[in-house]
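The values are calculated or read from the model by the stated rules, or taken from the named source; none is laboratory data. Everything numeric here is computed off the predicted structure, so don't read it as measured data. We place every Cβ from the backbone using ideal geometry, glycine too, and count neighbours over all the protein chains shown. Ligands, DNA and RNA are excluded from the accessible area calculation, which covers all protein heavy atoms including side chains. Shrake-Rupley method; radii C 1.70, N 1.55, O 1.52, S 1.80 Å.
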Amino acid sequence: MLDIDLLKSEKKSLIRFLLIYLGSTFLLFSVAAWIFYTSQKHYLIDQQREALKYQAQTITQELRTLHTTYDKSTLIYPVHPLIDSAIYDLDKQYIFGTQKETNLLDEKYYMADENILYSLSQVEPYYMGAAYLLVSKNLDKEPILELQKNIGLFLLGAGVFFTILGWFLGRLFIAPMRDSMERMNLFIQDTTHELNTPISTILTNIEMLETFGKCEENKELKRIEIASKSLSRIYDDLTYLNLNHNYYRHIESLDMSDLLRERMVYFSTMAEHKGLILEISIDTDIVLEIDKNDATRLVDNLVTNAIKYNKPKGLLKVNLTKAFLSVGDTGIGIQKKDLDSIVCRFKRANKSEGGFGIGLDIVNQVVNSYGFVLNINSEPDKGTEVVVKWTK
Amino acid sequence: MDKIILLYFLLYAGLYAQESQGEKQQLENQCLQCHMKHQIPNELIYQRYLMKYSTADGMGKAIKEYLKHPKKENSIMPLPFFLKFPMKEALVLDDENLEKNIRMFLDMYDVKKKLVLP
């Protein structure tokens, strides 16, 4: 269910982002392309109009030449391929031409045709009586169509490029959100699993007590005790993580030797249950300036990790001196590649034993808060030793 | 009936041709004779008027003005022309006949009649 929601919200965000991104990009590019197209179209038409004006000058020169041969019986009007022309007298009356007669006074009418280019020029002196020369040609639409095609292709290319870019950017932007949701998803799965195991143990053993009366009650009670302690530790750890930023620390001179002894007694049932051999060496009167809850979380997480990841009937070594606290096990160990990231939150080197992957994160937080130094020495299948040095 | 119409048409055409021929003769006698005598091509005169005035009306007015009051200032010919040729005398002709002759002259050399497409 959570996976489906994740995909849905991810898709929704991605589609929204793409719509806004592509929409605004398309709008911007359309406006830019339109401005470019308009200016280029005018430029291309102006080029053709300039060429037409040049043709008009040529015809004027030809009229001049023709005028000098007026004594001939017939005069051949200058004709150019693809170009129509006509000459008009001073009263704008049609004289002659390849172009049909037009009312020169109504320029707007004949200039309105966008498919034909016109050029009206004045002639002086009036060669062949012409005071006006009107030249026209059909607009060559080939370059304009070429321009339209190029702009269309550019927009298409840009559209494809920005769609792909937008897709990758969108995926990039929602990646942190996706990671957070995935982590939350895993956390919820882990929490339900972690809570389910001790609760099931408690309920099953209570049921057994009810069914068999006093039969083997010591064993059942121990199981209930272990499960309750596991629940209590989960609650303490989650509370610690949740309140860490706003938690008020009461720094006091704490006897770590007493605390460690007390916590070892607390976890002895768990260790016994797994058949671990304890090798505990605690120097007396080791006092630290530390909040008691921080110290308890530090010790608890190191010890429970060593119990949880130890082999059955393995060795649990705890050593407290003035210089350090070390907790070692003979368990599954940690791969070398995971050693650097093992202290990150939700990181679990081995998922066979359950858990949230928050134990060493809490240890690391306490270590960083008090300026301690954390060393983890581990070999796969041989064991792990975690050492916390009190001073640098 | 057809024969009567044809006869009438031929008679009218013949009379018109005769009248037109007569007017042309009058133009040559009253106006162009002098040009031919001095070997001044009439096309040259028309060409110069055309280049300066463009329209038939403009040319007609300018020719009439010059013929009635011939002066270097209102002549179409350049000043050096009068070093070789004397200034003509004013034409003694009533306005109606003068204008008719001018119209005929302009019509005879009309640019529209000469221009053709290749």
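At a glance:
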quantity	calculated
Mean Cβ count within 10 Å, highest first, over the residues of peptides B:95-107, A:173-185	B:95-107, A:173-185
Distant-in-sequence amide H partners of A:L315 (H built 1.01 Å from N, under 5 Å)	A:I277, A:T330
Computed FRET value (nearest 0.05) for A:N375 with A:V287, which takes r as the C-beta separation and R₀ as 30 Å	0.85
Per-residue SASA entry for A:E207, accessible area with 1.4 Å probe, Å² rounded to 10	120 Å²
Portion, in percent, of the accessible area of chain A that falls on carbon or sulfur, probe 1.4 Å	58 percent
Shielding of A:232-241 by partner chains, average beta-carbon count, 10 Å	0
From phi via Karplus (6.51, -1.76, 1.60), per-residue ³J(HN,Hα) for the range A:27-37 in Hz, x at Gly/Pro	4, 4, 5, 5, 5, 4, 5, 5, 4, 4, 4
Computed over the range A:249-389: relative contact order in percent, which uses C-alpha pairs under 8 Å that are six or more apart	24 percent
Order by protection proxy (mean Cβ within 10 Å, highest first), peptides A:276-285, A:93-102	A:93-102, A:276-285
Chain A - charge dipole about Cα centre, Lys and Arg +1 at Cβ, Asp and Glu -1, debye rounded to 20	660 debye
Kirkwood hydrodynamic radius of the protein assembly as shown, Cα pairs, Å	35.0 Å
Accessible area of A:F372 in the full protein assembly, 1.4 Å probe (Å², nearest 10)	20 Å²
Mean accessible surface per residue for the protein assembly as shown, computed with a 1.4 Å probe while every protein chain stays in place, in Å²	61 Å²
R0 of 51 Å, Cβ-Cβ distance A:I76-A:F168: FRET efficiency to nearest 0.05	0.15
Shielding by partners - mean other protein chain Cβ count within 10 Å, residues of A:12-23	0
Unit charges on C-beta of K, R, D, E only; dipole of the range A:117-264, Debye	480 debye
Length-normalised contact order of chain A in % [C-alpha pairs under 8 Å, at least 6 apart]	11 percent
Which of A:I164, A:I151 is most accessible, then next, and so on - probe 1.4 Å	A:I164, A:I151
Accessible surface of A:I251 - all protein chains present, 1.4 Å probe, nearest 10 Å²	90 Å²
Distance between modelled label sites at A:R261 and B:L79, nm, 7 Å Cα→Cβ extension	14.2 nm
Cβ-placed point charges (K, R +1; D, E -1), dipole of the range A:57-200 about Cα centre in debye, nearest 20	260 debye
Heavy-atom SASA rank of B:M108, B:M59 (probe 1.4 Å, accessible area, largest first)	B:M108, B:M59
Ordering of A:266-273, A:375-382 by packing [mean C-beta count within 10 Å, highest first]	A:266-273, A:375-382
For A:D291, distant residues with modelled amide H under 5 Å away	A:E252
Contact surface A-B: accessible area buried, both sides summed, square angstrom, 1.4 angstrom probe	1900 Å²
Integer Hz, Karplus 6.51/-1.76/1.60 couplings in order for the range A:181-193, x for Gly and Pro	5, 5, 5, 5, 4, 5, 4, 5, 4, 5, 4, 4, 5
Lys/Arg +1, Asp/Glu -1 at C-beta; the protein assembly as shown dipole; positive extreme among A:M184, A:L316, A:L145	A:L145
Under Karplus coefficients 6.51, -1.76 and 1.60, residue-wise ³J(HN,Hα) of the range A:364-378 in Hz, glycine/proline x	4, 4, 5, 4, 5, 4, 9, x, 7, 10, 10, 10, 10, 10, 8
Histogram of C-alpha separations across the range A:249-389, 10 Å bin width, %	12, 46, 35, 7
Dipole of chain A [Lys/Arg +1, Asp/Glu -1 at C-beta], most positive-end residue of A:L75, A:S119, A:Y21	A:Y21
Which of A:V387, A:Y370, A:G359, positive extreme of dipole for the range A:249-389 (C-beta unit charges)	A:G359
Among beta bridges that DSSP assigns inside the protein assembly as shown, antiparallel share in %, nearest 5	85 percent
Number of partner chain Cβ atoms within 10 Å, mean per residue of B:108-118	6
